[in-house]
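Asks: Below: one structure in C-alpha cells.
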Amino acid sequence: MPTAIVTPRPKPMIVLREEFDDWALLFNPDTGKAVGLPPTAVTIWKCLTTGKDYAAVAAAITAEYEPLPEDLGKDISSFFEDLVRLGYAEYPA
Amino acid sequence: MAENRQLMKTPKSVDIDITSRCNLRCKYCYHRTSPADTGNELPTPEWLEFFRELAECAVMDVTIAGGEPFIRDDLPELVDSIVANRMRFSILSNGGLIKPEVAKHLAATGRCNHVQISVDGSRPEIHDRFRGAGAFEGAMRGLRILQEAGVHVTSRVTIHKYNIADLENIALLLLDQIGMGSFSTNSASYQGLARTHDDVLLSPAEQCDAMVKILDLAKRYQGRITSSAGPLSQAKNYQEMEQARLAGRGIPGRGFLTGCGCMWSKLAVRPDGTYVPCGMLSHIALGRINQDRLIDIWQNHPDFLRLRARYKIPLSNFPECADCAYQMTCTGNCPAGGYARTGEVYAPNPDDCLKRFLADDGRFFAVP
Ligand code: SF4
Ligand code: SF4
C-alpha cells in the first residue's frame, strides 16, 4: 500500500511576496532568507495557507496547469519536503 | 535600444524618515533644509497603521532614518510593530542618543539587519569638524552599547577633504579595533545643508586623492569596505567606463538615464507621512500614507511612472552628452544629485559626469 503523503503547514511568520508573472518569493523575516517560487509552487503554497491537504493541492494543480508531470505526487511531496527542510513549513506533530 | 523593465507588484522595501528632529546639525546633512525637513512628524498610531499596510503589501524591509531616529521615545513600539507585521528593519543613526535598554530591545527582536552609525574620523577633531562637538564621543558610545547588546553594527563614512588622510585610521578603528564586519563610504553631495557649506564637497583633486586612498584600503580589507556612491564607487565606475570605451563597446543597460534602479524596488516616506520616490527626491510628493493606498501610488502614480521611465531617455538627447565618448557606457547618474544642482531630474547629474571630471584634471586609477 502506498504511504500517504503528509501535508505540511506553513509557519505563521512566512511571507509570500508575489512579484511579477505569477512568480513569487517566500520570505522568512526571522532569518532574512528568501526563495523564489515558480507559479505552480505559488499555487501549492496558497493551498497550504488555506489549510488544504495533499489531495486538494493535487486537484488544484491538475485543474490549473498542463501538461502535468508524469509523477505529480512525487513532485508535490518533494516540494513539501523542501519547504520543511528550508524552514518555511512544518509537519503537524 | 532601451531595455524593457517590469515593475514588481509592490515595493520590496520602504525607507522611512520618522523624524526631522536631531541632536546634531552636521554640515552635510542631506535632510535639513530639504523638503523632507517637514518639522511636523506623524504620531505613533499613524505609523502603526502604515506598517499593517506594508504587511498587506508583503514588504520585506523597513529602513528607519531621520533626523535622528533614536530621538523618538516610541522607537521600540514602532520596531515591535514592524516585527509583528513580519518585516525586518535597519536604522541609520549618529549614535549619540542610543540607550542600553533600547539597544537590548532591538537585539531581542531578532529582526534587526543592522544599525548604521555615521563615523567620519578616528578622532574627535576629525569626526566633529562637520558634525559638532561631542559627536564622536556619542558615535563611539552608541556603537559600544549596540555591540554589548548584540546588535549588528555597521558604519557609513562620509569622505571629505579633512578626513582623506585619516581614512586608514578610520578603517583600523572600525574594522580592526571595533571589529565591524564592514563599513560603507560616500562623500557629501550637493543636498540639504551641504548646499550652503561648499567646503564639505570634494574638489576633483581631492576626489582623486580620496580614490587612491580608498581603493588601496578596499584592496587591503578585501570586500569589507563598500560604497554605492562617492569616491570608491566613482573610481570603479569610471574605470569600467574607460575600459569599455577603449574596447570600443558600450555597457549593457547604459546610454540612457538608467542612473537609479532603486525606484523599481523601493520608495520612501517623509516624517509628515508624504510618499516620495526617494529620501533624496523629497520634493516629489506622491501622496499621503493612510490616505492613499501604497499599492496605488506604487503602481499608478503618474509622477512615479514618469520617473521610472527615465531609463528610456537616451543620453544622446542632451547637448553635453551628444558628442561624449562615454555616452554608451554612462547611466546619467543619480537623479537626486542632478536635481539639487540643476533643478531637473530628467537630465544627467553633472556632479558624477566623467567627461567633466576629466576636464577638471580627474584621472583613472587601477581598480584591484
Ligand atoms: S557628458 Fe557626462 S553624463 Fe553625459 S554621457 Fe558623458 S560622462 Fe555621461
Ligand atoms: S535617486 Fe539617487 S539617492 Fe535616490 S535612490 Fe536613486 S540613486 Fe539613490
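Asks: Cβ under 12 Å from B:GLN243's Cβ, B:GLN243 left aside: what net charge do those residues give with Lys, Arg +1 and Asp, Glu -1? Intermediate values should be presented prior to the final figure.
Replies: On the way: positive: B:LYS236, B:ARG245, B:ARG249; negative: B:GLU240, B:GLU242.
Net charge around B:GLN243: +1.
Asks: Going by amide H atoms built from the backbone, whose H comes under 5 Å of the H on B:PHE256, apart from near neighbours?
Replies: B:LEU315
Asks: In whole Å, what is the distance between the alpha-carbon centres of region B:261-324 and region B:326-358?
Replies: A separation of 16 Å, based on Cα centres.
Asks: Percent of accessible area on chain A owned by carbon and sulfur, 1.4 Å probe?
Replies: 55 percent
Asks: How high is the FRET efficiency from A:VAL35 to B:ASN113, r the C-beta distance, R0 25 Å, rounded to 0.05?
Replies: Taking R0 as 25 Å, the efficiency between A:VAL35 and B:ASN113 is 0.85.
Asks: Put a dot 7 Å past each Cα toward the Cβ at B:ALA285 and B:LYS312; how far apart are the dots in nm?
Replies: Modelled inter-label distance: 2.8 nm.
Asks: Further question on the same structure: Between region A:54-80 and region B:1-44, how many Å separate their Cα centres?
Replies: Measuring centre to centre over Cα atoms gives 45 Å.
Asks: Next question. I'd like the antiparallel share, as a percent to the nearest 5, of DSSP beta bridges with both residues in the protein assembly as shown.
Replies: Counting DSSP beta bridges with both partners in the protein assembly as shown, the antiparallel share is about 35 percent.
Asks: Still on this structure, I have one more. Can you check what the net charge comes to around A:GLY87, using other residues whose Cβ is under 12 Å from the Cβ of A:GLY87 (Lys, Arg +1; Asp, Glu -1)?
Replies: 0
Asks: Over chain B, what relative contact order in percent results from Cα pairs under 8 Å that are six or more residues apart? Provide the component values of the computation, followed by the final result.
Replies: On the way: 712 pairs, mean separation 71.0, N = 368.
Reported relative contact order: 19 percent.
Asks: Moving on to the next point. Could you run the numbers on buried accessible area between A and B, total for both chains, 1.4 angstrom probe, in Å² to the nearest 100?
Replies: Values: alone 6110 and 15890 Å², together 20630 Å².
That pair hides around 1400 Å² of surface in total.
Asks: Expressed in nm to one decimal, what extension gain is obtained for the pair B:ALA55 and B:ASP360 from 0.36 nm per residue of sequence separation less their Cα-Cα distance?
Replies: My answer for the length gained is 104.9 nm.
Asks: Continuing with the same structure: Which of the three applies to region B:49-173, rounded, prolate or oblate, going by the alpha-carbon gyration tensor with a ≥ b ≥ c and a/c under 1.5 meaning rounded?
Replies: Values: a/c = 2.36, a/b = 2.07, b/c = 1.14.
Prolate is the answer for region B:49-173, as a/c is 1.5 or above and a/b outweighs b/c.
Asks: Per DSSP helix of 4 or more residues, -39500 (n - 2.57); summed, then divided by the residues of chain A. What does that give at 222 nm, rounded to the nearest 500? Please report the intermediate quantities before stating the final value.
Replies: Working: 3 runs with 36 residues, N = 93.
After summing the helix terms and dividing by residue count, I get -12000 deg cm²/dmol.
Asks: Given a 1.4 Å probe, how much area per residue of region B:82-167 is accessible, in Å²?
Replies: Ligands and nucleic acids excluded, the figure is 37 Å² per residue.
Asks: Taking the Cα centre of the protein assembly as shown as origin and charging only Cβ (+1 Lys, Arg; -1 Asp, Glu), how large is the dipole, in debye to the nearest 20?
Replies: That gives the protein assembly as shown a dipole magnitude of about 580 debye.
Asks: First select every other residue whose beta carbon is under 11 angstrom from the beta carbon of B:SER233; then total the charges, Lys and Arg +1, Asp and Glu -1.
Replies: Here the charged neighbours net out to -1.
Asks: Give the residue list of GluC sites (Glu not before Pro) in region B:1-59 that are DSSP loop and have at most 13 other beta-carbon atoms within 10 angstrom.
Replies: Here the GluC sites (Glu not before Pro) that fit, given the DSSP loop and packing criteria, are B:GLU3.
Asks: Next question. Can you list the lysines whose alpha carbon is less than 26 Å from that of A:LYS46, not counting same-chain residues fewer than 8 positions off?
Replies: Straight-distance partners of A:LYS46: A:LYS11, A:LYS33, A:LYS74, B:LYS9, B:LYS12, B:LYS266.
Asks: To continue, here is another question. Of B:ASP323, B:ASP120, B:ASP292, which is the most mobile in a GNM of chain B whose springs link Cα atoms less than 10 angstrom apart?
Replies: B:ASP323
Asks: Rounded to the nearest percent, how much of the accessible area of chain B (1.4 Å probe, protein heavy atoms only) is carbon and sulfur?
Replies: That share works out to 50 percent.
Asks: Show that you can apply the helix-only estimate: for chain B, add -39,500 (n - 2.57) for every DSSP H stretch of four or more residues, divide by all residues, and state [θ] at 222 nm to the nearest 500.
Replies: That calculation yields -10000 deg cm²/dmol at 222 nm.
Asks: Follow-up. Label 7 Å along Cα→Cβ of B:GLN222; region B:347-368 residues with amide nitrogen under 16 Å?
Replies: Zone members listed by number: B:368.
The values are calculated or read from the model by the stated rules, or taken from the named source; none is laboratory data. Just so it is clear, the model here is predicted, and its values are computed rather than measured. Quick reminder, even Gly has a Cβ in these numbers, built from the backbone with ideal geometry, and neighbours come from all protein chains shown. Side chains are part of the model used for accessible areas, which takes the heavy atoms of the whole protein and leaves out ligands, DNA and RNA. Shrake-Rupley method; radii C 1.70, N 1.55, O 1.52, S 1.80 Å.
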